[in-house]
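For reference, the structure discussed in these notes is given below.
The values are calculated or read from the model by the stated rules, or taken from the named source; none is laboratory data. None of the values given here were measured: they were computed from a predicted structure. Every residue, glycine among them, receives a Cβ derived from its backbone with ideal geometry; neighbour counts consider all protein chains shown.
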Amino acid sequence: MDSSDRTEAVISYIESNILDIDYDEIARIACCPLGLYHRIFSYITGISIADYVRRRRLTLAAIDLINAEQKVIDVALKYGYNSQAAFSRAFKEHTGVPPSLVTPDLNLRLYPRMSLHYINETYRIEKGRKTIVAKLTTIEFVHFGGYKMVGKEIRAKISELGAFWKKCFEEGMYDPLIKMKEYLPDDIDEYVGFFKGYNDDDDSVNYVVGMFMKRDVPIPDGFVGYDVPKQTVAKAWIEGEENDIYSNAYLLTTEAIKKHGYETDWSSYYWCEVYTDQRFGIPKSKGEKILTLDIYMPCVKI
């Protein structure tokens, strides 16, 4: 079962158990640790599991109110809200109208069940009105490291990482690293986004903006340094519009890894975005919409 099949299975499980979801069962279906799969699901679908569940519950609550004469408080309790006021606020934000005014002829904003479709190496998510497309243009398997990932770290939701990148550049975060030329590796001197870990409690990630450097580099004050062991990594190029790349890169990369006879190395896992000047920085500065982001992921030969 590949990543797309597992995600379809997870979505099917959520839909069948929308009122009583066992997250340990989701981890079993996904065949990986729950914390990591939260991040995988967000990469694949563009939405967190928690947000998907919330939107689907509110949509089903709207259908209940349309199709049956039920008290608002009963529907609120059914879908996990402890008070009618909290439910009404969430419902209005989601559908555009308060639950007390729902009638069959209203045009409500609803959130349909997600479905996934893959065509060649192009990934599409169908969810309502929007179709997202990105593609993997090349992948290679090389020995990489060992290095140290040096940079500034944040714990934040994925949607907040763009602002963190902007803050790092505005504060000249890269200046002291670039000056340490003797510690820059010969094979990579690019800007890097490095996912270090996922936090189940608040759906956030530990993320480092920085550079790969030689392992004996002195860590500047205010920076962090994480060892990156020598290992085989898949280097994939993901092409598309910027937001589409971020939403689809994980699935495209992991499916290509499996297709080429490898599997993800969970024992020393990390997820790395490499922003090259040639394929990302310069085209973006020229206003080009289609960019290419490099993705690095540890893997082992099957």
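Among residues of segment 1-20 being in contact (Cβ under 8 Å) with a residue 40 or more places away in the chain and in a helix (DSSP H, G or I), the one that is farthest from Val205 (Cα to Cα) is Glu15. Looking only at residues in segment 21-74 that are in contact with a Pro (Cβ under 7 Å, 6 or more places away or on another chain) and in contact (Cβ under 8 Å) with a residue 12 or more places away in the chain, the one that is farthest from Leu252 (Cα to Cα) is Val72. If you scan segment 140-192, which residues turn out to be farther than 23 Å from Arg215 by Cα, surrounded by 13 or more Cβ atoms within 10 Å (Cβ to Cβ) and touching a residue at least 40 places away in the same chain (Cβ under 8 Å)? Residues satisfying the conditions are Arg155, Ala156, Lys157, Ile158, Leu161, Phe164, Trp165. In summary, Asp22 fulfils each of the numbered conditions (1) within 30 Å of Glu263 (Cβ to Cβ); (2) among the charged types (D, E, K, R); (3) modelled with pLDDT under 90 with the single exception of condition (3). Quick check, is Val224 more than 16 Å from the chain's Cα centre (by Cα) and either among the aromatic types (Phe, Trp, Tyr) or farther than 28 Å from Glu171 by Cα (or both)? So Val224 does not fit the description; no. Scanning segment 263-299 for residues that are modelled with pLDDT under 90 and part of a strand (DSSP E or B) yields a total of 3. Consider segment 52-69 and keep the residues that are surrounded by 15 or more Cβ atoms within 10 Å (Cβ to Cβ) and not hydrophobic (A, V, I, L, M, F, W, C). The one that is nearest to Asn243 (Cα to Cα) is Tyr52. For segment 265-293, a tally of residues being crowded, with 17+ Cβ neighbours inside 10 Å, under 23 Å from Cys31 (Cβ atoms) and out of contact with any Pro (no Cβ under 7 Å at 6 or more places or on another chain) returns 2. For segment 221-249, the set of residues classified as in a loop (DSSP other than H, G, I, E, B) and either surrounded by fewer than 17 Cβ atoms within 10 Å (Cβ to Cβ) or at pLDDT below 95 (or both) consists of Asp221, Gly222, Pro229, Lys230, Glu241, listed by residue number. With respect to being at pLDDT 90 or above, outside any loop (DSSP other than H, G, I, E, B), touching a helix residue (DSSP H, G or I) at 6+ places or on another chain (Cβ under 8 Å) and small (Gly, Ala, Ser), Ala61 fits the description. Ile257 - would you say it is of a type in the set (A, V, I, L, M, F, W, C) and touching a residue at least 40 places away in the same chain (Cβ under 8 Å)? In short, yes. The residues listed here are Tyr43, Tyr81; of these, the one that is among the aromatic types (Phe, Trp, Tyr), at pLDDT 80 or above, buried (at least 17 other Cβ atoms within 10 Å of the Cβ) and at negative phi is Tyr81.
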